[in-house]
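What follows is a set of notes on a single structure, which appears directly below.
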Amino acid sequence: MHPPSTLLPLLALAAELSSAAYVLQDDYTPDTFFDKFSFFTDADPTNGHVSYVDRSTAESGGLISAGSSVYMGVDHTNVAADGRQSVRISSTQTYHHGLFILDLGHMPTGCGAWPAFWILGPDWPNGGEIDVIENVNDATNNQLTLHTSDGCSIDNTGFSGTLMTSNCYVQAAGQDNNVGCGIMSPDTTSFGAGFNDNSGGVYVTEWTSSVISVWFFPRSSIPSDISSGNPDPSSWGTPTARFAGSCDIESHFTDMQIIFDITFCGDWAGNVWGSGSCAALSGSCTDYVANNPTAFADAYWDINSLRVYQDEAAGVSETAYAEGA
């Protein structure tokens, strides 16, 4: 039996959607990596004991370099009473949806350190924030978080991590200020020393019109389709984090930049200093960071690759369906 002719365009679109594949949009290769980012040099919004420097200062001070991979670290030579020199960079390209694949050989670690890899929209929190890699001090489990304007919360389903908070609104009642909706990875090799001791791995963030998902793959179990440049999220199984529920993703996340930074102490690492094992090193996070430069030789990112893919075929199909509705 042949379908009515009026259904043929819709069936063709459905076939296109089901067979859509991610195609490479931006490849942040080491040789041009820093050309594609701007350097943030203002005061740290999270009140860290840090001094963010410009590109020329970072290069001359050995804080950044690029060869077969990209190095981004901090000053680990000088006492830093006024804030340890570090870098915070934001991509000059902005995105609306995408598959962001980051292969790391090493991430910053150490007591007092607060590293993050995140994706940020304009007019915070209205454009949204996706914290893909973040935790503090000597933690070994990654924490993944969304921060949004009012009207976004997530369900506790479809992911392997542990739900910590479900309301993504930064001023949500019943949650601490700016906590957002958070999911803790169950994997002790997903952050810090545990990650580095395992030769790192790959983080993948998929942002569509309906859901934001994050997978973590240790070095020994990176899917072959990622390695070959033909990523297929449908084959990867349950993500570490899946952000979906009572949230219109389209209205809360837009025009986002990729950001890397390394700060110290401040509103998170500093505030929890006294309740963790790092407190045995010093009574004050700030004093420890200022006066022990060699402790931060391991506070660096080693980026093997960063690639952003777009599902262009799906984008065409979704537009066509909307216009034909």
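For Glu59, indicate whether it is outside any loop (DSSP other than H, G, I, E, B), modelled with pLDDT of 95 or more and surrounded by fewer than 17 Cβ atoms within 10 Å (Cβ to Cβ). Before the answer, list the steps.
Numbers: outside any loop (DSSP other than H, G, I, E, B): yes; modelled with pLDDT of 95 or more: yes; surrounded by fewer than 17 Cβ atoms within 10 Å (Cβ to Cβ): yes.
Against the criterion (outside any loop (DSSP other than H, G, I, E, B), modelled with pLDDT of 95 or more and surrounded by fewer than 17 Cβ atoms within 10 Å (Cβ to Cβ)), Glu59 qualifies.
Can we say Ile119 is assigned to a strand (DSSP E or B), touching a Lys or Arg at 6+ places or on another chain (Cβ under 7 Å) and crowded, with 17+ Cβ neighbours inside 10 Å?
Taking the combined requirement at face value, the residue does not satisfy it.
List, please: which pairs have Cβ atoms under 7 Å, are six or more places apart or on different chains, and start with a residue in the range 74-100 that is more than 21 Å from Tyr300 (Cβ to Cβ) and end with one that is assigned to a loop (DSSP other than H, G, I, E, B)?
Close Cβ pairs (under 7 Å, with a partner that is assigned to a loop (DSSP other than H, G, I, E, B)) amount to Thr94/Asp255; His96/Thr254; His96/Asp255; His97/Thr208; His97/Ser209; Leu99/Tyr22; Leu99/Pro231.
State which residue is farthest from Ile258 (Cα to Cα) when the search covers only the range 202-216 and only residues that are open to solvent by 20 Å² or more (accessible area, probe 1.4 Å) and part of a strand (DSSP E or B).
So the residue we want is Phe216.
Residue by residue through the range 156-195, note down the ones that are more than 16 Å from Val132 (Cβ to Cβ) and either touching a Lys or Arg at 6+ places or on another chain (Cβ under 7 Å) or not in a loop (DSSP other than H, G, I, E, B) (or both).
Answer for the range 156-195, where residues must be more than 16 Å from Val132 (Cβ to Cβ) and either touching a Lys or Arg at 6+ places or on another chain (Cβ under 7 Å) or not in a loop (DSSP other than H, G, I, E, B) (or both): Gly158, Thr162, Leu163, Thr165, Asn167, Tyr169, Ala193, Gly194.
Please work out if Gly192 is open to solvent by less than 20 Å² (accessible area, probe 1.4 Å) and either among the basic types (Lys, Arg) or in contact with a strand residue (DSSP E or B) (Cβ under 7 Å, 6 or more places away or on another chain) (or both).
For Gly192, the condition - open to solvent by less than 20 Å² (accessible area, probe 1.4 Å) and either among the basic types (Lys, Arg) or in contact with a strand residue (DSSP E or B) (Cβ under 7 Å, 6 or more places away or on another chain) (or both) - is not met.
Please note which helices (runs of 4 or more DSSP H) are completely contained in the range 221-311 and include at least 2 residues that are more than 27 Å from Trp114 (Cα to Cα) and touching a residue at least 12 places away in the same chain (Cβ under 8 Å).
249-252
Could you list, in sequence order, all residues of the range 144-183 that are open to solvent by 50 Å² or more (accessible area, probe 1.4 Å) and in contact with a Gly (Cβ under 6 Å, 6 or more places away or on another chain)?
Across the range 144-183, the qualifying residues are Asp155, Met164.
Quick check, is Gly237 open to solvent by 30 Å² or more (accessible area, probe 1.4 Å) and either under 23 Å from Cys181 (Cβ atoms) or touching a helix residue (DSSP H, G or I) at 6+ places or on another chain (Cβ under 7 Å) (or both)?
It is true that Gly237 is open to solvent by 30 Å² or more (accessible area, probe 1.4 Å) and either under 23 Å from Cys181 (Cβ atoms) or touching a helix residue (DSSP H, G or I) at 6+ places or on another chain (Cβ under 7 Å) (or both).
The values are calculated or read from the model by the stated rules, or taken from the named source; none is laboratory data. Worth saying up front: this structure is predicted, and the values here are computed from it rather than measured. In this analysis, Cβ positions are derived from the backbone assuming ideal geometry, glycine residues included, and neighbour counts consider all displayed protein chains. Side chains are part of the model used for accessible areas, which takes the heavy atoms of the whole protein and leaves out ligands, DNA and RNA. Shrake-Rupley method; radii C 1.70, N 1.55, O 1.52, S 1.80 Å.
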